[in-house]
1. So for the range 12-70, Kirkwood radius off the Cα pairs, Stokes-Einstein at 4 °C and 1.567 mPa s: how many µm² s⁻¹?
2. Fully extended, how many nm does the chain gain between residue 13 and residue 55 (0.36 nm per residue separation, minus their Cα-Cα distance)?
3. Residue 21 to residue 70: extension gain in nm, 0.36 nm per residue of separation minus the Cα-Cα distance?
4. Among the listed pairs 11/67; 11/56; 32/67, which have their C-alpha atoms separated by more than 29 angstrom in this model?
Amino acid sequence: MEEHRNMMILKQEIFDGFIYSAVALTRQIQAKQGKENEIITQEEADFVNAFLVYAKELADTLHERYKDELGGGSDV
């Protein structure tokens, strides 16, 4: 049976806000990695890892769904 991904958020503004906030938080946490006196908590690491997995799944889903418009010959 084929897996159907439901990643729908009903309002574009909500989705955009979620993505922008998650990207900003991910960048802030990743910036801590290069600083000697900064500590990344387990929760921060878990968030970054979960968001990166979600972002890859979303990119793969969008690529599959819109591969004709995106020029289906390339891999993401």
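FYI, it's all coordinate maths here, none of it is from the lab. Treat the numbers as computed from the prediction; the structure is a model and nothing was measured.
1. Estimated diffusion coefficient is 99 µm²/s.
2. Here the segment from residue 13 to residue 55 would lengthen by 13.4 nm.
3. Full-extension gain reported as 15.0 nm.
4. The pairs that break the limit, which is 29 Å between Cα atoms, are 32/67.
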